[in-house]
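J.: The structure follows.
The values are calculated or read from the model by the stated rules, or taken from the named source; none is laboratory data. The model shown is predicted, which means the values in this text are computed figures rather than measured ones. Note: ideal-geometry Cβ built from the backbone for every residue, glycine included; neighbour counts use all protein chains shown. Side chains included, ligands, DNA and RNA excluded: accessible areas come from the protein's heavy atoms. Shrake-Rupley method; radii C 1.70, N 1.55, O 1.52, S 1.80 Å.
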Amino acid sequence: MEPIMNRMSQRVFQRLYRTSMLPRRTHSGCAEHTNVSASTYSKRTLLVSRLYQPSNLRDVGQDSRLQGEVTSKSQKLMQQAGLIHPSNPGCYYYLPVLVRSMEKLVRLIDQEMQVIGGQKLDMPSLCSAELWKTSERWDLMGKELFRLKDRHGADYCLGPTHEEAVTTLVAHQATLSYRQLPLLLYQITRKFRDEPKPKFGLLRGREFYMKDMYSFDASEEAAHETYESVCQAYTRLFARLGLRCVQVQADSGNIGGKLSHEFQLPADIGEDRLLICGHCSFSANVETMSSDTTDCPQCKTGTLVESKGIEVGHTFYLGKKYSHIFSASFSNAQNKSDIAEMGCYGLGVTRILAAALEVLSTEERIRWPGLLAPYQVCVLPPKKGSKVEDAAVLAEELVHTLGETRPHLRGEVVLDDRTQMTIGKRLKDASRLGYPYVIVVGPRALEETPTFEVICQEKDETMFLSKDGLLDLLGRVETV
Ligand code: ATP
Ligand code: MG
């Protein structure tokens, strides 16, 4: 039996009917569901109690699965909040809440790569040794390459990067015309590297996500233009994430090639040492400079200051190194065959997530780049049994109105239904997870004009807003 409603509930009930938020009777006359008690939430409501977010509050440093792995702030925060779970050194389960964030980052990267003409593909992770022997990297990569044999005894590796694979693919197309260039192919896939020291959680894993793009151009000049447009796309991406990123001259390592830049997020945990000019835009990885340099080689007046950085992206102009080896050619304007000019461009997808938390979070509280927050809004109904318990129904109403009237927030609003816990405790959890907006439905929600407490976590600001004011504020939240 339904309990008899008290007067307060009746008022709320009437208001809900006026705003038509409750399930209507169907034309057959049956109610779809008639229970309006605050504890029964509609199936569509995302409830905090249902999120698979196994938090691991054990001391991360003592976790035997990490076998002495050096930890970092982002790793501890992610593990404690149930975003990742260690599996074996350098390998993690990415749990549902983190996957939401990662999918947003992927959408953002897709947008920026496609604006400059990138076409997404997906290449096999199982790469034949033949290709890697042809480029001579089978030996060069040494122990970093995960090697395996198939049942016929043929050698393979798990792809750490895909220059060989993509160049072979393009080489197989006999009819590639200069009119189709520049050709920009990219993928966002797992990469495998047997790192000597996996550490810092997602910052340095043995299995991680990378966006790798490869460009094919008709001339060196065109290849440089493509190179420049990719660098600009990277700069735009980090600006949209609200992350300060510096583009530094870099060493091109064993990928080969002549021109190379790294995209670095300045942070103390970073493993790269950068020299940044205080006077002009010059910045370089120390690896590219003679060790005692302090004067800026570009403006000659500035002094170079050292800082540490996390490498989140790397661009290389490759010239004809791989296209020559694998015969990736196109037919030029004179209808003659010509070898393509190449570039390759990496972004560490999972590393960007961790690096963003390193620079934005405190030791206790996760702060996300706004666009990447797993959920934008968390609504807190009052504690069960409290004087203002009746406002609970308004909390659910709010969640629905947001979903109905603000389509970009569909799936972005969670309701913390753990009403056995005080508002204070749940606020603490919400602050730890870093929802950009936390809405407390408290006593003022029951006033004649309901008012909600809104905490904007990024700015550490609290506001009291009417429902309209709230819808207006959240209507302007950018999502991806
Ligand atoms: P590092 O110097 O940090 O080992 P790298 O120069 O070997 O990186 P690249 O081959 O340039 O890496 O790979 C492209 C991008 O992939 C890097 O800029 C980085 O963001 C990411 N990345 C590389 N190695 C890892 C790893 N072990 N874990 C997570 N991300 C990685
Ligand atoms: Mg690199």
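J.: So which of Tyr156, Tyr209 is of a type in the set (Ser, Thr, Tyr), at pLDDT 95 or above and open to solvent by 50 Å² or more (accessible area, probe 1.4 Å)?
T.: Tyr156
J.: I've got another one for you. Tell me, yes or no, whether region 447-465 has at least one residue that is touching a Pro at 6+ places or on another chain (Cβ under 8 Å) and either more than 19 Å from Glu412 (Cβ to Cβ) or assigned to a helix (DSSP H, G or I) (or both).
T.: Within region 447-465, none of the residues are touching a Pro at 6+ places or on another chain (Cβ under 8 Å) and either more than 19 Å from Glu412 (Cβ to Cβ) or assigned to a helix (DSSP H, G or I) (or both).
J.: Could you give every pair whose Cβ atoms fall below 9 Å, whose first residue belongs to region 165-179 and is within 19 Å of Ser135 (Cβ to Cβ), and whose second residue is among the aromatic types (Phe, Trp, Tyr) and part of a helix (DSSP H, G or I), counting only separations of at least 6 or pairs across chains?
T.: Sorted first by the residue in region 165-179, then by its partner, the pairs are Val166/Tyr322; Thr167/Tyr322; Thr167/Phe326; Thr168/Phe326; Val170/Phe326; Ala171/Phe326.
J.: Follow-up. Within region 260-271, track down each residue that is within 9 Å of ligand 1 (Cβ to nearest atom) and either closer than 7 Å to Lys308 by Cβ or open to solvent by 40 Å² or more (accessible area, probe 1.4 Å) (or both).
T.: Within region 260-271, just Glu271 meets the criteria.
J.: Scan region 209-224 and give yes if some residue there is more than 20 Å from Gly343 (Cβ to Cβ) and assigned by TED's automatic domain parsing to the domain that holds Arg193, otherwise no.
T.: Within region 209-224, one or more residues are more than 20 Å from Gly343 (Cβ to Cβ) and assigned by TED's automatic domain parsing to the domain that holds Arg193.
J.: Of all strands (runs of 3 or more DSSP E) completely enclosed by region 249-365, which ones contain at least 1 residues that are more than 16 Å from ligand 2 (Cβ to nearest atom)?
T.: Because the criterion is at least 1 residues that are more than 16 Å from ligand 2 (Cβ to nearest atom), the strands (runs of 3 or more DSSP E) in region 249-365 that meet it are 259-266, 272-277, 304-319, 329-331, 337-339, 341-348.
J.: What is the one condition in (1) assigned to a strand (DSSP E or B); (2) within 27 Å of the chain's Cα centre (by Cα) that Glu195 does not satisfy?
T.: (1)
J.: Please find, among Pro407, Pro382, the residue that is open to solvent by 30 Å² or more (accessible area, probe 1.4 Å) and not assigned by TED's automatic domain parsing to the domain that holds Thr168.
T.: Pro407
J.: Which count do you get for residues in region 324-356 that are more than 16 Å from ligand 1 (Cβ to nearest atom) and either open to solvent by less than 50 Å² (accessible area, probe 1.4 Å) or in contact (Cβ under 8 Å) with a residue 12 or more places away in the chain (or both)?
T.: So the answer is 14.
J.: Considering only residues that are out of contact with any helix residue (DSSP H, G or I) (no Cβ under 6 Å at 6 or more places or on another chain), in contact (Cβ under 8 Å) with a residue 60 or more places away in the chain and open to solvent by 10 Å² or more (accessible area, probe 1.4 Å), which ones fall in region 212-225?
T.: If the condition is that a residue be out of contact with any helix residue (DSSP H, G or I) (no Cβ under 6 Å at 6 or more places or on another chain), in contact (Cβ under 8 Å) with a residue 60 or more places away in the chain and open to solvent by 10 Å² or more (accessible area, probe 1.4 Å), then Ser219, Glu220, Ala222, His224 are the ones that fit.
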